[in-house]
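Okay, structure first, notes after.
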Amino acid sequence: MTLGLIARKAGMTQVFQADGTMVAVSVLQVTPNVVTRVRTTERDGYAALQVGAEESKRLTKPLAGQLKGLPQVKSLHEFRMAAEGDLEGFELGQQLAIADVFAEGDVVDVTGVSKGKGFAGHVKRHHFHRGPKTHGSDHHREPGSIGPGTTPGRVYRGLRMAGHMGDEQVTTKKLRVVRADAENNLLLLKGSVPGARGSLIFVRKA
């Protein structure tokens with residue numbers, strides 16, 4: 001894994017590229033991140049950089065104690081590094097802006113929590129085909145048979161059925177950075193990213 005930043009999803013829009021083509025982009029609001037911990041292989045068993053964002057006056061006592069002498073940020077996330085040598089040049093309290101990590105044309109992986117859809121049926125959740133609506137059928141959106149007969153006489157584990165949909169961590173890989181607006185702290189990525197407007201997003205280089 002590589003270094004990344006914490007952001008908030010602002011929404012979607014469209015921009016025109018240099019060749020005149022229009023591309024749909026997701027807009028991420030990236031306030032300056034601060035390095036809150038540097039984890040080394042010798043001390044922690046792995047190399048990683050913990051960054052924080054979004055200052056707040058209301059923090060839990062454990063979090064406030066961890067951030068003693070640092071900006072009081074409420075959102076923390078660790079980005080693992082491939083090797084301990086990647087930690088060189090980073091120190092506690094250092095601020096990371098968009099220009100320090102991303103540039104136009106970079107390819108990134110985006111992680112967020114998808115929109116919650118509540119309890120959904122198998123047609124919406126798993127894209128099953130519905131049954132016929134004519135010839136006396138009363139199984140328009142029913143799941144049908146869910147298991148074999150006598151053998152094995154049970155329902156297989158993991159069978160796709162109705163249930164809770166969404167509200168889970170999703171990673172969208174290899175999105176291209178269309179624009180890195182350091183002046184306005186905006187990152188424009190081609191395509192969609194998981195989550196609703198205002199949700200927390202973690203962006204790292206692919």
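FYI, it's all coordinate maths here, none of it is from the lab. Worth saying up front: this structure is predicted, and the values here are computed from it rather than measured. Note that each Cβ is placed from the backbone with ideal geometry, even for glycine, and that neighbours are counted across all protein chains shown.
In table form, for the structure just shown:
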| item | result |
| --- | --- |
| Integer Hz, Karplus 6.51/-1.76/1.60 couplings in order for segment 147-160, x for Gly and Pro | x, x, x, 5, 10, x, x, 8, 8, 5, 5, x, 4, 6 |
| MRE, 222 nm, helices only [DSSP H, n ≥ 4, -39500 (n - 2.57), over the chain, to nearest 500] | -1500 deg cm²/dmol |
| Ser114 versus Glu183: modelled label distance in nm, points set 7 Å from Cα along the beta carbon direction | 3.8 |
| Label-point gap, in nm, between Ser199 and Arg43 - each point 7 angstrom along Cα→Cβ | 3.4 |
| ³J(HN,Hα) computed for each position of segment 181-190 - Karplus, 6.51 cos²θ - 1.76 cosθ + 1.60, integer Hz, glycine/proline x | 8, 5, 5, 9, 6, 10, 10, 9, 10, 5 |
| Segment 1-145 - convex hull of the alpha-carbon atoms, volume per residue in Å³ | 232 |
| Extended-chain gain in nm, criterion 0.36 nm per residue less alpha-carbon gap, Arg141 and Val23 | 38.8 nm |
| Relative packing of 163-172, 130-139, which averages over residues the other C-beta atoms within 10 Å, highest first | 163-172, 130-139 |
| Virtual spin-label span in nm between Glu168 and Glu88, 7 Å along Cα→Cβ | 4.2 |
